[in-house]
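The values are calculated or read from the model by the stated rules, or taken from the named source; none is laboratory data. These numbers come from a predicted model, not from an experiment. Glycine gets a Cβ as well: all are built from the backbone with ideal geometry, and neighbour counts include every protein chain shown. Heavy atoms of the whole protein, side chains included, go into the accessibility calculation; ligands, DNA and RNA do not. Shrake-Rupley method; radii C 1.70, N 1.55, O 1.52, S 1.80 Å.
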Amino acid sequence: MKRKIKKYSTLLLLATILSSLGHAGSILFYIGVFVIYLPVRNKRVVKDTKYLLIPIIIALYIGLFQMPYTLYEVFKDVFYLLSPIVMLMLGEIFARKMNSQDFLMTIVIVGTVFSVITICGNLVTSGPLILYDPRTARESDSYFGFTNFYSLLAWFVLCYWKIYKKNVELKNISILLFINFIAIYFSGSRTYWLAVIVVMLCLFYPYLKVKRYVLVILIAMVFVGVSYILVSEGYMSGYIRHSFEEMTISDYDNEADKNNNYRGYEAFMGLSEFMSYSLYNQLFGGGMGATVDMGEDSPVGIQYIPILHNGYIYLLIKIGILGTILFVFYFLRLIFRYGRWKVSINDGYDYFWKAISFGSIIAVFIMHFSVTAFFNSQYNTALVFVGFTLTYMKTKILSDSIKQSIS
């Protein structure tokens, strides 16, 4: 088993490094997953996501035959929109090759490796600044690099083992927890920090349900924190308030406001572009290759942008109202499916897969407003857990039904 863990952790490391090398690396990574996935029998992810392919095929047709887009622009968008399905496929591949504990150990190894690299690199390049103001360090030219999302996944696994699984054969869990926590902190990412809060609440709901005083303390802390943000004029409260202001969809009328609130201005221009479409294109999208005109004074440095930070408006531009509804419905359906899965914290890893997938999809839904998280390789890595759970849950339900029929 140790040899298997080493093998798959090495492959996952290489695959992640490859996917971070721009569009070419991501495309090679996706092709690799497809090649590995093709021989799989009874493809559960494909059966589950086949309806998502309909708007993608329609948008591909529009981009190729009804719009003057280049083949590169069209197929780049195809791979981009297929990326969440690819990550679900990767989860199914791991579910068929490894048991729960071995897979989670692989995630811990990969996440911790990236955490160590991130911590060391940022300490060298940013110095003491990264320790007390990671956000400013991240925005500077000396920032080493973004924390890989596997560090977050490793953190979730380690927390689960620390609280619920006392018999895991892994030494120094507390040290590994600290290493991955520091990497998450060094990311300086509001999106990462929010994802951690959402998933951790789902993961530790049974604990909070029993330890109600802890839940009361958390609610009180949230209330005090929100009150402080609303009334305080300090740096951190102003910084958090600006996080919401910069995403407010508005037609900012001067260059300074456009630069300071570029996400909101970008979303406004995206909606304006969408509203200029014919009814046909509003329903089915502008097609693969569609762009948004940001104007000659574009705050993002490019006039015609193919990708938006607001992932919901991005979906409207590419696959239209019907495609967006279908896409959102699919993942909402997964949330309800996991929510109805009746498992106990004592049922092996069942509760972990339920909670981590439930929380991950909610977190990605929230992050999709600001970083196109379902299609962004820095964030949709969480869907590997969702794909694993999808396969694991169906296999377990099938196995339980067979046992019941035999008995």
Only unsatisfied item for Gln101, checking (1) in contact with a helix residue (DSSP H, G or I) (Cβ under 9 Å, 6 or more places away or on another chain); (2) open to solvent by 20 Å² or more (accessible area, probe 1.4 Å), is (1)
Answer yes or no as to whether Leu176 is modelled with pLDDT of 85 or more, more than 30 Å from Asn42 (Cβ to Cβ), in a helix (DSSP H, G or I) and open to solvent by 60 Å² or more (accessible area, probe 1.4 Å). no
Can you confirm whether segment 284-298 contains a residue that is modelled with pLDDT of 90 or more, in contact with a helix residue (DSSP H, G or I) (Cβ under 6 Å, 6 or more places away or on another chain), surrounded by 11 or more Cβ atoms within 10 Å (Cβ to Cβ) and assigned to a helix (DSSP H, G or I)? yes
Positions within segment 59-86 being over 26 Å from Val384 (Cα atoms), part of a helix (DSSP H, G or I) and among the aliphatic types (A, V, I, L, M), in sequence order: Ile62, Leu64, Leu71
Out of (1) in a helix (DSSP H, G or I); (2) in contact (Cβ under 8 Å) with a residue 40 or more places away in the chain; (3) open to solvent by 10 Å² or more (accessible area, probe 1.4 Å), the one Leu123 does not meet is (2)
For segment 1-55, give me every one of the helices (runs of 4 or more DSSP H) that falls completely inside it and has 2 or more residues that are open to solvent by 70 Å² or more (accessible area, probe 1.4 Å) and aliphatic (A, V, I, L, M). 2-19, 22-37
Just to verify a result, which residue in segment 347-378, among those that are in a loop (DSSP other than H, G, I, E, B) and open to solvent by 10 Å² or more (accessible area, probe 1.4 Å), is modelled with the lowest pLDDT? Asp347
Could you check segment 315-363 and list, in sequence order, the residues that are free of Cβ contacts under 8 Å to residues at least 60 places away in the same chain, within 16 Å of the chain's Cα centre (by Cα) and under 30 Å from Ile163 (Cα atoms)? Phe331, Leu332, Leu334, Ile335, Ser357, Ile361
Restricting attention to segment 319-338, and to residues there that are of a type outside the set (Val, Ile, Thr) and open to solvent by less than 40 Å² (accessible area, probe 1.4 Å), which single residue is nearest to Ala363 (Cα to Cα)? Phe331
Given the structure, is Tyr61 modelled with pLDDT of 90 or more, more than 27 Å from Ile335 (Cα to Cα), open to solvent by 60 Å² or more (accessible area, probe 1.4 Å) and not small (Gly, Ala, Ser)? yes
Some residue of segment 235-245 being open to solvent by 30 Å² or more (accessible area, probe 1.4 Å) and at pLDDT 65 or above: no
Are any of the residues in segment 133-143 open to solvent by less than 20 Å² (accessible area, probe 1.4 Å) and part of a helix (DSSP H, G or I)? yes
Only unsatisfied item for Met275, checking (1) exposed (fewer than 15 other Cβ atoms within 10 Å of the Cβ); (2) touching a residue at least 12 places away in the same chain (Cβ under 8 Å); (3) aliphatic (A, V, I, L, M), is (2)
